[in-house]
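Accompanying notes for the structure given below.
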Amino acid sequence: MAEARYRPVARFAKPHGLKGEAIVFVLTEQAEEVFVPGRELTPLDEAGQPAGGALIVERGRVYHRRWLLKFQEIDAREQLEAWRGVALGIPDERGEDATELLLHEVPGAKVLVAGRVLGVAREVLLVPGGPLLVVDGEEREHLIPYRAPILVGTDRARREITVDPPPGLLEL
């Protein structure tokens, strides 16, 4: 039987308030479908593998550009302090032929602009303004927003990320 794969959907930012709520950075375009009561979210390590027991969403709502989540059986801020920066995932049911790269698969992928190699992806930085792709180019490092419309597509089999940066972005 194949090993279960997980798709990161959020990353803990910090606890919020005193009663066990947490602010999370959203890593999925289906947040309204994912952060629903009863959904199990599994903490993931840097390799995208389970790193603890699942947390069950009690309630969730949009909070500025992030989400505010309350988990069952977590009733105090202190219980969430250790989770800062931890990714949360759901089982990946996309199959082996999926073309999307998961966050832990990004490092080492070639980054293409107009069919030419810009460099190699080092990581995805999760910052309040949205995820940034860090690319090691020939002469310098590039920080590129890792979202549409700049992110054109990914090819998992070829380990490639195609971007279409606006004029001037690569000169910053």
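The values are calculated or read from the model by the stated rules, or taken from the named source; none is laboratory data. Computed from a prediction, not measured in an experiment: that's the story for all the values here. Because the Cβ atoms are built from the backbone with ideal geometry, glycine has one as well, and the counts that use them run over all protein chains shown.
Which condition number in (1) touching a helix residue (DSSP H, G or I) at 6+ places or on another chain (Cβ under 9 Å); (2) part of a helix (DSSP H, G or I) is the one that Pro43 fails?
(2)
Suppose we keep only residues that are modelled with pLDDT of 90 or more and of a type outside the set (A, V, I, L, M) within segment 34-45. Which one would you say is surrounded by the most Cβ atoms within 10 Å (Cβ to Cβ)?
Phe35
Can you tell me which residue among Leu80, Leu55 is touching a Pro at 6+ places or on another chain (Cβ under 6 Å), farther than 25 Å from Ala157 by Cα and aliphatic (A, V, I, L, M)?
Leu80
Residue by residue through segment 1-33, note down the ones that are surrounded by fewer than 18 Cβ atoms within 10 Å (Cβ to Cβ), of a type in the set (D, E, K, R) and over 17 Å from the mean Cα position of the chain (by Cα).
Those that are surrounded by fewer than 18 Cβ atoms within 10 Å (Cβ to Cβ), of a type in the set (D, E, K, R) and over 17 Å from the mean Cα position of the chain (by Cα): Glu3, Lys19.
For segment 104-146, give me every one of the strands (runs of 3 or more DSSP E) that falls completely inside it and has 3 or more residues that are under 22 Å from Ala47 (Cα atoms) and not charged (D, E, K, R).
116-127, 130-137
Quickly run through segment 34-49 and pick out the residues that are over 16 Å from Phe71 (Cβ atoms) and over 13 Å from the mean Cα position of the chain (by Cα).
Residue satisfying the conditions is Gln49 alone.
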